[in-house]
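K.L.:
Before anything else, here's the structure in question.
The values are calculated or read from the model by the stated rules, or taken from the named source; none is laboratory data. Please read all numbers here as calculations on a predicted model, not as lab measurements. Here Cβ is always computed from backbone atoms with ideal geometry, including for glycine, and neighbour counts include all displayed protein chains. These accessible areas exclude ligands, DNA and RNA; they are computed on the full protein's heavy atoms, side chains included. Shrake-Rupley method; radii C 1.70, N 1.55, O 1.52, S 1.80 Å.
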Amino acid sequence: MNSQPRRVENLQTDKGSVPVYATGVVEQPWADYSATDHDVWRQLYERQREILVGRASDEFLVAQDAMGMTPDRIPKFTDLNRVMRDATGWEIIGVEGLLPELVFFDHLANRRFPVTWWIRKPEQIDYISEPDLFHDLFGHVPLLMNPLFADYMASYGRGGVKAHGIGEHALQNLTRLYWYTVEFGLIQQKDGLRIYGSGIVSSKGESIHCLESDAPNRIGFDLERIMRTRYRIDTYQKTYFVIDSFEQLMEATDPDFTPIYARLATQDSVPAGDVRDDDRVLHRGSGEGWASDGDV
Ligand code: PHE
Ligand code: CO
């Protein structure tokens with residue numbers, strides 16, 4: 001690799017923000033990070049670690065410590081990879097931005113986690129619409145040190161390749177599972193409700209909102225319910241699904257999804273904020289401050 005990797009971000013068009021897909025694997029241009037880049041990492045790292053004690057799951061915090069990430073500078077992928085390969089066989093690969101679905105699934109199935117090489121700018125500390133290095137590395141990578149979660153992610157990748165072959169519906173169902181577990185999952189720990197989803201742990205606002213706000217629903221994990229449920233990409237979630245343990249998540253997702261996809265294809269989607277009669281409701285949201293549409 002001799003050319004400088006690109007920063008592939010969303011394009012602003014008259015139709016709104018449009019994701020742009022990258023495909024290649026790039027080497028992390030570590031020597032080229034600026035003092036500002038390292039400082040953005042440090043600020044975000046310190047702020048989130050403080051917020052996450054008592055809010056993130058014990059598994060997440062333990063895994064993050066075990067990786068040897070520190071606030072003082074952006075970690076080198078090569079350093080983290082040595083630790084991860086020994087622990088669970090996972091490795092990080094550098095990418096320029098979002099990947100097409102099948103490429104992404106294939107990486108996961110082979111225990112390669114794509115991490116965006118570039119970090120957000122200082123004015124994007126509180127919000128950025130696409131995944132950057134902080135979201136990917138701080139949010140996703142630690143749990144890959146956890147043997148159960150490591151297996152879940154690889155199974156997800158294999159399931160993704162399969163769903164891609166089945167069709168658009170299956171893919172939508174499986175994407176919702178990723179959204180409501182890997183990105184926005186909560187877990188019921190003995191001593192309280194905790195966060196494990198990467199989209200939450202990399203966001204200050206949502207880390208507080210998902211646990212402490214009255215507005216969102218918090219509902220017990222149910223595979224088919226999740227697969228039917230729409231979600232929000234541009235605001236905090238209206239509903240979070242709560243697992244009891246990573247073992248529960250593994251068991252529930254172990255069966256072949258093919259007959260489930262077939263059954264769900266004839267059912268309507270559930271809007272993001274709905275609560276249904278057969279939900280295991282842990283908290284019924286007040287719905288305060290929600291816009292009425294925008295679910296995808
Ligand atoms: N059991 C799923 C299938 O048959 C694969 C999978 C496992 C998907 C774990 C997600 C998470 O497609
Ligand atoms: Co993510």
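K.L.:
Mind checking whether some residue in segment 127-134 is over 23 Å from Ile93 (Cα atoms) and more than 14 Å from ligand 2 (Cβ to nearest atom)?
P.N.:
Yes, segment 127-134 contains a residue that is over 23 Å from Ile93 (Cα atoms) and more than 14 Å from ligand 2 (Cβ to nearest atom).
K.L.:
Do you know which residues across segment 185-237 are more than 15 Å from Leu282 (Cα to Cα), within 16 Å of ligand 1 (Cβ to nearest atom) and small (Gly, Ala, Ser)?
P.N.:
If the condition is that a residue be more than 15 Å from Leu282 (Cα to Cα), within 16 Å of ligand 1 (Cβ to nearest atom) and small (Gly, Ala, Ser), then Gly197, Ser198 are the ones that fit.
K.L.:
Taking the condition free of Cβ contacts under 8 Å to residues at least 60 places away in the same chain and closer than 18 Å to Leu137 by Cβ, does Ile51 pass?
P.N.:
Here the answer is no, as Ile51 does not meet what is asked.
K.L.:
Same structure, new question: Looking at (1) under 15 Å from Gln124 (Cβ atoms); (2) of a type outside the set (D, E, K, R); (3) at pLDDT 80 or above, which is the only condition Pro5 fails?
P.N.:
For Pro5, the failing item is (1).
K.L.:
Could I ask something else about it? Any chance you could count how many residues in segment 152-199 are outside any helix (DSSP H, G or I), β-branched (Val, Ile, Thr) and farther than 19 Å from Glu251 by Cβ?
P.N.:
Qualifying residue count, segment 152-199: 1.
K.L.:
Quick one: what pairs do we get from segment 146-175, first residue closer than 21 Å to Gln267 by Cβ and more than 7 Å from ligand 1 (Cβ to nearest atom), second in a helix (DSSP H, G or I) and among the basic types (Lys, Arg), C-beta under 9 Å, 6+ apart or different chains?
P.N.:
Ala170/Lys162; Asn173/Arg228
K.L.:
Please tell me if Gly192 is open to solvent by less than 30 Å² (accessible area, probe 1.4 Å) and touching a strand residue (DSSP E or B) at 6+ places or on another chain (Cβ under 9 Å).
P.N.:
The answer is no for Gly192.
K.L.:
Please work out which residue is nearest to Asp214 (Cα to Cα), limiting yourself to segment 258-286 and to residues that are assigned to a helix (DSSP H, G or I) and open to solvent by less than 70 Å² (accessible area, probe 1.4 Å).
P.N.:
Leu264
K.L.:
Which of (1) within 16 Å of the chain's Cα centre (by Cα); (2) surrounded by 22 or more Cβ atoms within 10 Å (Cβ to Cβ) is the odd one out, the single condition Tyr127 does not satisfy?
P.N.:
For Tyr127, the failing item is (2).
K.L.:
Give me the helices (runs of 4 or more DSSP H) completely within segment 30-88, filtered to those with at least 1 residues that are out of contact with any helix residue (DSSP H, G or I) (no Cβ under 6 Å at 6 or more places or on another chain), surrounded by fewer than 17 Cβ atoms within 10 Å (Cβ to Cβ) and small (Gly, Ala, Ser), ordered by residue number.
P.N.:
35-52
K.L.:
Being among the small types (Gly, Ala, Ser), under 28 Å from Trp41 (Cα atoms) and in contact with a strand residue (DSSP E or B) (Cβ under 7 Å, 6 or more places away or on another chain) narrows it down to one residue among Ser213, Ser202, Ser207, Ser198; which is it?
P.N.:
Ser207
K.L.:
Residue by residue through segment 200-218, note down the ones that are within 15 Å of ligand 2 (Cβ to nearest atom) and either of a type in the set (S, T, N, Q) or in a strand (DSSP E or B) (or both).
P.N.:
Ser202, Ser203, Ser207
K.L.:
Which condition number does Val242 fail, the rest of (1) away from ligand 2 (no atom under 16 Å from the Cβ); (2) free of Cβ contacts under 8 Å to residues at least 60 places away in the same chain; (3) open to solvent by 50 Å² or more (accessible area, probe 1.4 Å) being met?
P.N.:
(3)
K.L.:
Could you look through segment 162-183, keep only residues that are open to solvent by 20 Å² or more (accessible area, probe 1.4 Å) and under 18 Å from the mean Cα position of the chain (by Cα), and pick out the one that is farthest from ligand 2 (Cβ to nearest atom)?
P.N.:
Top of the filtered list is Gln172.
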